[in-house]
Amino acid sequence: MKLWGGRFQKATDHMVDDFNSSIRFDQRMYRQDILGSIAHANMLGECGIISKEDSQLIQKTLHEILADIEAGKIEFEIDAEDIHMNIEKILISRIGDVGKKLHTGRSRNDQVALDIRMYLKDEVVQLCSILIELEQVLISLSQNHLETIMPGYTHLQKAQPITFAHHLMAYFQMFKRDIERLMDCYKRINVMPLGSGALAGTTYNLNRHLVARQLGFDEITQNSLDGVSDRDFAIELASCLSIVMMHLSRFCEELILWSTHEFSFIEMDDAYSTGSSIMPQKKNPDVAELIRGKTGRVYGDLMALLTVMKSLPLAYNKDMQEDKEAIFDAIDTVKLCLPVFIKMIETMKPNKANMYKGAQGGFTNATDVADYLVKKGLPFREAHEVVGKMVLYCIRNNKNLDDLSLDEYKNCSPLFEEDIYQAISLKHCVEDRSLPGGPAKKAVLDSIEHGKQFISKMKEIF
Ligand code: ARG
């Protein structure tokens, strides 16, 4: 018999039991469900809504059920629909009528909202600490490559020389924002909905603040309809995770490109690459490709959540049961990708010589030639044109700007002197860009220092 079976004269069709049931995927919230019920039972006892003895027996039995689940002694039933009714049913089977008092002043609608919020709070903390680990790896890699010159690109065309450290620290900033976004999202998850009842609160004099305090929530929800029908926090989290994946996928795309024969800026460790079943020479960056691919599924989860919630009238609707697989999948995917990504970049071998060679061709110091003329008094637009013509001349004669003789330089502008060669050396081009945020060693060291302060502040929290 169903816990809600009173008004029915016929059993549900087996197909409907199966269709309606969420136990397959919501059983992972068993801990949150039980801890939430313990807090609820404790509050019912404290407020005199049930007796202290009943409250204690319920709490004690719930602790035992938790231990039994963790010891693998319990099998959940599809017929009991979801994790909430499975636990309640087990409780009643153990302590009979006393167990039937647990659900006083509560609905599955506020119960499920509580469980998801509790579950997501734990997950956000874990996600942040993995992201902090990634940030640490990025900092240590950067420290080793402060002088590793490589080409910077725009439109995937060689643009100006930078360093590998500078490039890596760009990703540091992206993941820093991801951590900050997750922390902000946490604030809106951290609101306690119990007491919303099915939709209109309850007539019992519950102490919602006591439950919130016991479960470590900062606030309680302020509207019972919103309390049961809000899933904004899950959508927000999926959107934070989509951005994390977008960042990972941009990084992976670059790593894939850099491991091509054509670039050869990095080589993946053998332990983080795979071979081909037909082509013996192949070493493929499968891990990076798969992370790039999995980005699509996390975006899909976000779209699924937005679409499930679109047009839903207040308050709870069964559609909302569809929230769990999507948000769980988004979290699981990010938690699967991050650790393998961290190891992959920790073990990859940058090829400094090829990066340097890459920075050499393609006139990456052309801006610096123009800047040289500006420093000698030519307006920038004119300098730009002079150097544009020089580049054309070089292309026609198959030369680099560095290869031109002083006479060739002087033919283009009388302002050029012997010091031009020094001014346009790659090392100089990088070191001259020492404004805060720039690629010069000094500027990157400052951004690393800034990053380290962020990490130690985060480590106090997580
Ligand atoms: N399994 C449901 C869910 O995940 C729990 C809430 C069900 N409430 C209801 N009135 N049917 O959303």
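Roll a 1.4 Å probe over the protein chains and send me the accessible area per residue for the chain in Å². Don't jump to the answer; show the numbers that get you there.
Details: 22600 Å² over 462 residues.
Using a 1.4 Å probe on heavy atoms only, each residue of the chain averages 49 Å².
Using r as the Cβ-Cβ distance of Tyr356 and Ile455, and R0 as 35 Å, what FRET efficiency do you calculate, to the nearest 0.05?
On the way: r = 30 Å, r/R0 = 0.85.
FRET efficiency, Tyr356 to Ile455: 0.70.
Pop out the carbon and sulfur fraction of the accessible area of the chain as a percent, whole number, probe 1.4 Å. Write down the numbers at each step before the final one.
Details: 11950 of 22600 Å².
Carbon with sulfur: 53 percent of the solvent-accessible area.
If we count every other residue with Cβ under 12 angstrom of Tyr356's Cβ, Lys/Arg +1 and Asp/Glu -1, where does the sum land? Walk me through the intermediate numbers first.
Values: positive: Lys352, Lys357, Lys427; negative: Glu147.
So the environment of Tyr356 carries a net charge of +2.
Enumerate by residue number the GluC sites (Glu not before Pro) in segment 203-269 meeting two conditions: DSSP loop (anything except H, G, I, E, B), and at most 16 other Cβ atoms within 10 Å of the site's Cβ. Could you put the intermediate results ahead of the total?
Numbers: sites: Glu219, Glu236, Glu253, Glu254, Glu262, Glu267; in loops: Glu262.
The qualifying sites are Glu262.
Assuming R0 = 41 Å, what is the FRET efficiency of Arg177 and Gln9, from their Cβ-Cβ distance, to the nearest 0.05?
On the way: r = 57 Å, r/R0 = 1.40.
Computed FRET efficiency for Arg177 and Gln9 comes out at 0.10.
Which whole-number percent gives the relative contact order of the chain, counting Cα pairs below 8 Å spaced six or more residues apart? Don't skip to the end; give the middle numbers.
Numbers: 616 pairs, mean separation 73.6, N = 462.
Relative contact order for the chain comes out at 16 percent.
Just add up the charged neighbours of Ser264: K/R +1, D/E -1, any other residue whose Cβ is under 13 Å from the Cβ of Ser264.
Numbers: positive: Lys283, Lys349, Lys352, Lys357; negative: Glu262, Glu267.
Around Ser264, the surrounding residues sum to +2.
Please list, in chain and number order, the residues 5+ apart from Ala159 or on another chain whose amide H is under 5 Å from its amide H, with Hs placed from the backbone.
Gly152, Tyr153, Thr154
At 20 °C and 1.002 mPa s, grab the translational diffusion coefficient of segment 41-94 from Stokes-Einstein with a Kirkwood Rh over Cα pairs, rounded to a whole number in µm² per second. Provide the component values of the computation, followed by the final result.
On the way: Rh = 11.9 Å.
D, rounded to a whole number, is 179 µm²/s.
When the chain is fully extended, how far beyond the present Cα-Cα distance does Val374 get from Gln157, taking 0.36 nm per residue of separation?
Details: separation 217, 0.36 × 217 = 78.12 nm, distance 2.45 nm.
Roughly 75.7 nm would be gained on extension.
Pull out the extension gain between Asp270 and Leu314, defined as 0.36 nm times the separation in residues minus the alpha carbon to alpha carbon distance; nm, one decimal.
Values: separation 44, 0.36 × 44 = 15.84 nm, distance 5.42 nm.
Full extension from Asp270 to Leu314 adds 10.4 nm.
Sum up the charges of everything whose Cβ sits under 14 Å from the Cβ of Ser405, counting Lys and Arg as +1 and Asp and Glu as -1, but leave Ser405 out.
Values: positive: Lys399, Lys410; negative: Asp402, Asp403, Asp407, Glu408, Glu417, Glu418.
Once all neighbours under 14 Å are counted, the net charge is -4.
When only DSSP loop residues count, what trypsin sites (Lys or Arg not before Pro) in segment 63-167 have their Cβ near at most 13 other Cβ atoms within 10 Å?
Details: sites: Lys73, Lys89, Arg94, Lys100, Lys101, Arg106, Arg108, Arg117, Lys121, Lys158; in loops: Lys73, Arg106.
Answer by residue number: Lys73.
What is the calculated FRET efficiency for Lys100 to Met303, with r their C-beta to C-beta distance and R₀ = 60 Å, to the nearest 0.05?
On the way: r = 41 Å, r/R0 = 0.69.
After rounding to 0.05, the efficiency reads 0.90.
Which three extents, in whole angstrom, do the alpha-carbon atoms of segment 27-136 cover along their principal axes, largest first?
Principal axes ranked by extent give 54, 32, 24 Å for the Cα atoms.
The values are calculated or read from the model by the stated rules, or taken from the named source; none is laboratory data. None of the values given here were measured: they were computed from a predicted structure. Glycine gets a Cβ as well: all are built from the backbone with ideal geometry, and neighbour counts include every protein chain shown. The area values use the complete protein model at the heavy-atom level, side chains included, leaving out ligands, DNA and RNA. Shrake-Rupley method; radii C 1.70, N 1.55, O 1.52, S 1.80 Å.
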